[in-house]
1. Based on what the data block shows, is B:Ser172 more than 10 Å from chain A (Cβ to nearest Cβ) and either without any contact (Cβ under 8 Å) to a residue 24 or more places away in the chain or not in a helix (DSSP H, G or I) (or both)?
2. For the condition aliphatic (A, V, I, L, M), touching an Asp or Glu at 6+ places or on another chain (Cβ under 8 Å) and over 19 Å from A:His198 (Cβ atoms), what is the one hit in A:Val86, A:Val98, A:Val33?
3. Looking at segment A:58-87, which of its residues are within 13 Å of chain B (Cβ to nearest Cβ) and either at positive phi or part of a loop (DSSP other than H, G, I, E, B) (or both)?
4. From A:Ala91, A:Ala135, grab the single residue that is of a type in the set (Gly, Ala, Ser), surrounded by 15 or more Cβ atoms within 10 Å (Cβ to Cβ), in a loop (DSSP other than H, G, I, E, B) and on the phi > 0 side of the Ramachandran plot.
5. With a cut-off of at least 3 residues that are without any contact (Cβ under 8 Å) to a residue 40 or more places away in the chain and touching a Ser or Thr at 6+ places or on another chain (Cβ under 8 Å), name the helices (runs of 4 or more DSSP H) lying wholly within segment B:1-85.
6. Tell me, please, whether a residue that is surrounded by fewer than 23 Cβ atoms within 10 Å (Cβ to Cβ), in contact with a Leu (Cβ under 8 Å, 6 or more places away or on another chain), away from chain A (no Cβ under 14 Å) and modelled with pLDDT under 95 can be found in segment B:134-151.
7. Exactly one condition in (1) aromatic (Phe, Trp, Tyr); (2) within 30 Å of A:Val6 (Cα to Cα); (3) within 13 Å of chain B (Cβ to nearest Cβ) is not met by A:Phe167; state its number.
8. If the requirement is being facing chain B (nearest Cβ under 10 Å) and of a type outside the set (D, E, K, R), which of these qualifies: A:Pro37, A:Pro94, A:Pro55?
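The values are calculated or read from the model by the stated rules, or taken from the named source; none is laboratory data. Source: prediction; values computed, not measured. Cβ coordinates were reconstructed from backbone atoms using ideal geometry, including for glycine residues, and neighbour counts include every protein chain displayed.
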Amino acid sequence: MTRIAVAIDKRIRADRREFQLSIQFESDADVTVMYGPSGAGKTLTLQAIAGLLRPDSGHIALNERTLFDSAKSIDVPARKRDIGFVFQEYALFPHLTVLQNVAFGRRRGWWNRNAIDEEVRAIVARMHLERFGDAFPLELSGGQQQRVALARALACKPHLLLLDEPFSALDTELRGQLRTELIQAARDAAIPMLVITHDSDDVAAFGGKLVNVENGRVIPPNIGATHFQTT
Amino acid sequence: MMLSEAIVPLLLTLKVATLATVFASIVGIAVAKFLGRRRTFARDVVESLLTLPLVLPPTVLGYYLLVVLGHNGFFGAWLMRDFGISLIFTWQGAVIAAAVAAFPLTLRAARAAFSDVDAQLENAARTLGASESEVFFRVTFPLAWRGVLAGALLAFARAMGEFGATLMVAGSLPGRTQTLSLAIYDAVMAGDDARANALVIVSLVTAVVVLLIAARLLQRTQRMTLT
């Protein structure tokens, strides 16, 4: 079964520079790691999968469900894709408490109500955030903020979790510990992950399927292939 | 005491300015949302055109309002024919004049405040299943309301001081459409210095009170969006 299939093209114009994104890959692994230098187009690809960036042409499918197809004029809006996104800078809502942040996607309507259900409390507890339930994101450390971002995404029960450079905002000491925690949390939640990183240590730690990206294209994995064994 | 004579124009001024601010804010927020965060040439042109009431002489504004709302104007004629309503020489007409004059302030403040909100936060809300209206009411507006409020307070001040357009649309009928600024002009022209003095003092005190309230409400605002 193909979990995720991506084949997209997008031309980006900024100032006088032009960038051609042309990404094709498929993966049915629990963890897929997209690896490449900054500016290779990894984040753009993630945004396209999440529905935050509209490709010029191509096709995106998740678990046999077509999310985007330029030929058939299908473009499922981001809110209906059931894809969780952990942003590089976490993008926590600064006006909401930790509990309200985690509960955000679980209620519809125009108001940020304070009612928190048991499931949200359970997720918060699993992320070791109980003590910070009523704190605001800016009062937390980088690692704690990341756990809130992860809890918030998991609370919506997504079918796929996208992680944009999950450790780049953290110092080196924290990284190792948080990697283990993150992998464990996603395993517990049984949600497949697509992680992007420019750090080869991340690639080694996550294992799973590797997609190498450079200059807007997928290239064959030829660097230290023994490094990336599926766990 | 002459101060009691100032009560009627003061209450009328507060009523007109408050309603004008409410209308200007609602329309300003809606248009700012509609124009969106991306600045394109076309949208900047629209914003410039909508800012005209701020830079045009108030008499020009009053003239155009008469053209639209007057008994021979297309909107005024329709109101008169189908509803028997006339806005000319009424306090409701004064509200419209003040709202149009104040609208650019609420629009510009709201647009600046909305584009100051991190776009990534709105994207995060979308991936969490929020519709565009939910994104606005649960993320964008709660993070932008101070800037919007700053614009509304400027609009209120502008509406309170409105003179030219109001005079042309609503006239200066004591007790009915004569706001503070019109009453002051009327008193000075009539050589009634005592009345003018009382009205000026009431205006000053009101302005200071409004500024104090504004300072309180905006205590933690980093920057005011002045245009």
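1. Numbers: more than 10 Å from chain A (Cβ to nearest Cβ): yes; either without any contact (Cβ under 8 Å) to a residue 24 or more places away in the chain or not in a helix (DSSP H, G or I) (or both): yes.
Yes.
2. Values: A:Val86 fails: over 19 Å from A:His198 (Cβ atoms); A:Val33 fails: over 19 Å from A:His198 (Cβ atoms).
On inspection, the qualifying residue turns out to be A:Val98.
3. The initial filter retains those residues of segment A:58-87 that are within 13 Å of chain B (Cβ to nearest Cβ), namely A:67, A:76-87.
If the condition is that a residue be within 13 Å of chain B (Cβ to nearest Cβ) and either at positive phi or part of a loop (DSSP other than H, G, I, E, B) (or both), then A:Val76, A:Pro77, A:Arg81, A:Asp82, A:Phe87 are the ones that fit.
4. On the way: A:Ala135 fails: on the phi > 0 side of the Ramachandran plot.
Testing whether each residue is of a type in the set (Gly, Ala, Ser), surrounded by 15 or more Cβ atoms within 10 Å (Cβ to Cβ), in a loop (DSSP other than H, G, I, E, B) and on the phi > 0 side of the Ramachandran plot leaves just A:Ala91.
5. Numbers: elements: B:3-35, B:41-55, B:58-69, B:74-83.
Filter on segment B:1-85 gives B:74-83.
6. yes
7. A:Phe167 satisfies every listed condition except (3).
8. Numbers: A:Pro37 fails: facing chain B (nearest Cβ under 10 Å); A:Pro55 fails: facing chain B (nearest Cβ under 10 Å).
When all the criteria are applied, what remains is A:Pro94.
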